[in-house]
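Here the structure is laid out as structure tokens; the discussion comes afterwards.
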Amino acid sequence: MSEMAGLTRATAPVDALIVKGDRPKTGIVHLGLGNFHRAHFAVYTAKAVAAAGGDWGIFAYSFRSKSLAEALTAQELLYSVIEFAPNTDAVAIPAIHTGAVAGPDMADTVVAEIGKSGTKIISMTVTEAGYSISQKTDSLDLESPDIQSDLAGNSPKTLIGLIVRGLQVRQRDHGSAITVLSCDNLSSNGHRTKQLVNEFINALPADEAEPLRAFVANSVSFPNSMVDRIVPGTEERHIKLAEERLGVHDTSPVPAEPFTMWALEDNFIAGRPAWEHAGVTFTNQVERFEIMKLRLLNGAHSLLAYFGALADCETIPDCRFQPFIEKSLREGFFPEMLPTLEMPDGLTSDEYIAQLFGRWSNTVLGDKTNRVGSDGSVKLPQRITQPVLMRTKAGKSIDFIALTVAAWLACVSPLNGFDPGTQAKAMKDPALARLLEFAAQSNSPAELVTKVFTEGNIFSPDLAKADGFLDLVSEYLEHIPTHGITSAVELAFSRQKL
Ligand code: CS2
């Protein structure tokens, strides 16, 4: 028994989603045990089971973090989700996990778990970086050594390898249906996952590929989903605060904003938890929700983080309250993005944007600039590619989108000894080594931008051909180090023609 068993000593309102009696049996294998999963999918599922029952316990796998899996196991797979905002001190304790394992040596265990007939859903939150997509070919990166190792039949190291090997066990052992549910910020994430799974299968020897292809076509569904909740990383202060609110020590609390949203296609071939009791929006307009969120929330988040880092802002609220950033969003960025999307029925862009500014103003949550700015090489393609292509084709301005990309490059691959500041230096990126190498090889911003967009395997090759886009990014990248980000914003306003 760990201290977490003493949750009744809580000092604040605790929304304890603890199922009376035994926990539900495993019905879901979840890949990616990060904070976002624990504050989003796990909470919705615990609420659904508390309201309507069902064997929807979650067996979770973390690709890397052994220490987290061990810490959670030591507290009976309980942890707190703490809302941070001026008007709430709510804590939720979703008692929904049935297992937490981590690391490459557990991959075969996870494959076996997916293979069990009691498993009805594979869900995942692995971030954009986890899907092994080659931007060059817009498909599964068959050149990646990890994908090659997975194709050769070793213990899977990649998300797609794990899923396919798990599906293969099902196809061989019993053939019962299953749903694969992506909860990541990729556009059409369900379709995208299906495409990658099929590409992996097509690269297998024919005798393996054929039966698997048929199984996936007939017995696996891939719903699209849009997930939303701002969930920062856990800091020491969150651990202390959790202890104050709960009266017990939780080693792994998750800080989260109160806002939460999940729009989901109701396409679960093997059944699902009664998430409608937990506030999920089931809709056939998921794509509209996804695009709205990717361009207005996530795209704007990138602008906030890169402009803000260059102005030395440590948190997203610090960034949001810089007048030049707020103006950039309201009068520069959103007017470029809005014509590229359709709002879901019942939601207006004015309401949605007003709500975003409220969420970004959450000083208590204090989401970090460098969290949002990290992994730009895998986030930006989802956020800017289609808007740039649509607008350049129509001859419309893209100054604020281009300036966002230039600000990202100024942060992560600075040229000629430019110092982008401590926030920028704290940003991580899977392409960082490549980006720094490009910067070292380039004599001018234009050269760097050309390398990134033509040799980087980061963005779709279509962007390099989009009328005037690379020139614009290069010009802004030239401007930032010498004149500063606020001056670059003024320049963008002087040019933008809406
Ligand atoms: C953020 C997201 O990391 C990022 O770039 O934009 O993590 C964002 O906080 C979530 O998508 C909110 O749902």
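Looking only at region 449-498, which residues are of a type outside the set (D, E, K, R), modelled with pLDDT under 95 and over 25 Å from VAL378 (Cβ atoms)?
GLN496, LEU498
For region 162-173, which residues satisfy the criterion of being surrounded by fewer than 24 Cβ atoms within 10 Å (Cβ to Cβ) and more than 14 Å from GLU113 (Cβ to Cβ)?
Matches in region 162-173: GLN171, ARG172.
Answer yes or no: is there a residue in region 134-152 that is hydroxyl-bearing (Ser, Thr, Tyr), at pLDDT below 95, away from the ligand (no atom under 16 Å from the Cβ) and surrounded by 20 or more Cβ atoms within 10 Å (Cβ to Cβ). First the steps, then the outcome.
Here is the first cut: in region 134-152, the residues hydroxyl-bearing (Ser, Thr, Tyr) are 134, 137, 139, 144, 149.
After this cut, where a residue has to be at pLDDT below 95 as well, the list is 134, 137.
When the remaining residues are screened for being away from the ligand (no atom under 16 Å from the Cβ), the result is 134, 137.
Then keep just the ones that are surrounded by 20 or more Cβ atoms within 10 Å (Cβ to Cβ); that gives none.
For region 134-152, residues hydroxyl-bearing (Ser, Thr, Tyr), at pLDDT below 95, away from the ligand (no atom under 16 Å from the Cβ) and surrounded by 20 or more Cβ atoms within 10 Å (Cβ to Cβ): absent.
Within region 309-406, considering only helices (runs of 4 or more DSSP H) that don't extend past its boundaries, which have at least 2 residues that are in contact with a Gly (Cβ under 8 Å, 6 or more places away or on another chain) and either over 30 Å from PRO461 (Cα atoms) or away from the ligand (no atom under 14 Å from the Cβ) (or both)? Break it down into steps so the answer makes sense when it comes.
Numbers: elements: 316-320, 323-327, 334-337, 349-360, 369-373, 376-393.
It comes to 316-320, 376-393.
Which pairs turn up if I take residues in region 178-190 that are within 17 Å of SER132 (Cβ to Cβ) and aliphatic (A, V, I, L, M) and look for partners that are within 11 Å of the ligand (Cβ to nearest atom) and in a loop (DSSP other than H, G, I, E, B) with beta carbon separation below 8 Å, at least 6 apart in sequence or on another chain?
Every condition considered, no pair remains.
Give the residues of region 147-158 that are under 17 Å from THR193 (Cβ atoms) and not in a loop (DSSP other than H, G, I, E, B), sorted by residue number. Walk me through how you get there before you give the answer.
We begin by selecting, within region 147-158, every residue under 17 Å from THR193 (Cβ atoms); these are 147, 150, 156, 158.
Within region 147-158, ILE147, ASP150 qualify.
Show me the helices (runs of 4 or more DSSP H) found entirely inside region 33-132 where at least 1 residues are more than 21 Å from the chain's Cα centre (by Cα). Before the answer, list the steps.
Values: elements: 35-39, 41-52, 66-74, 107-115.
Result: 41-52, 66-74, 107-115.
Could you tell me which residue of region 276-293 is farthest from the ligand (Cβ to nearest atom), considering only residues that are within 23 Å of ALA39 (Cβ to Cβ) and in a loop (DSSP other than H, G, I, E, B)?
Of all residues in region 276-293, those within 23 Å of ALA39 (Cβ to Cβ) come to 276-283, 286, 289-290, 292-293.
Narrowing further to those that are in a loop (DSSP other than H, G, I, E, B): 279-280, 283.
Values: GLY279: 15, VAL280: 15, THR283: 17 Å.
Across region 276-293, the extreme among qualifying residues is THR283.
State which residue pairs qualify: first residue more than 13 Å from VAL405 (Cα to Cα) and inside region 301-320, second residue β-branched (Val, Ile, Thr) and within 12 Å of the ligand (Cβ to nearest atom) in any location, beta carbons under 7 Å apart, and separation of 6 or more residues or different chains.
GLY308/THR369; ALA309/THR369; CYS313/THR369; GLU314/THR369; THR315/THR369; ILE316/THR369; ILE316/VAL372; CYS319/THR369
Would you mind telling me which numbered condition in (1) touching a residue at least 60 places away in the same chain (Cβ under 8 Å); (2) in contact with a Lys or Arg (Cβ under 7 Å, 6 or more places away or on another chain); (3) buried (at least 22 other Cβ atoms within 10 Å of the Cβ) PHE289 fails?
It is condition (2) that PHE289 fails.
Restricting to region 89-140, count the residues that are without any contact (Cβ under 8 Å) to a residue 60 or more places away in the chain and more than 22 Å from SER65 (Cβ to Cβ).
3
Here's a check for you: in region 181-203, which residue that is modelled with pLDDT of 95 or more, among the hydrophobic types (A, V, I, L, M, F, W, C) and crowded, with 17+ Cβ neighbours inside 10 Å is farthest from the ligand (Cβ to nearest atom)?
The residue in question is ILE201.
Checking the condition under 25 Å from LYS136 (Cβ atoms), modelled with pLDDT of 95 or more and either surrounded by fewer than 24 Cβ atoms within 10 Å (Cβ to Cβ) or of a type in the set (Ser, Thr, Tyr) (or both), which residue from LYS396, LYS428, LYS368 passes?
Values: LYS396 fails: under 25 Å from LYS136 (Cβ atoms); LYS368 fails: under 25 Å from LYS136 (Cβ atoms).
Within the list LYS396, LYS428, LYS368, the selection yields LYS428.
For (1) surrounded by fewer than 20 Cβ atoms within 10 Å (Cβ to Cβ); (2) basic (Lys, Arg); (3) under 28 Å from the mean Cα position of the chain (by Cα); (4) more than 18 Å from SER328 (Cα to Cα), each residue gets a yes or a no:
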residue	(1), (2), (3), (4)
VAL412	no, no, yes, yes
ALA433	yes, no, yes, yes
GLU455	yes, no, yes, yes
PHE493	yes, no, no, no
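Report every pair of residues separated by at least 6 positions or lying on different chains whose Cβ atoms are under 8 Å apart, first residue within region 364-388 and under 16 Å from PRO255 (Cβ atoms) and of a type in the set (Lys, Arg), second away from the ligand (no atom under 11 Å from the Cβ) and at pLDDT 95 or above.
Partner pairs satisfying both residue conditions: LYS368/GLU314; LYS368/THR315.
The values are calculated or read from the model by the stated rules, or taken from the named source; none is laboratory data. On a predicted model such as this, the values are computed, not experimentally measured, just so you know. Here Cβ is always computed from backbone atoms with ideal geometry, including for glycine, and neighbour counts include all displayed protein chains.
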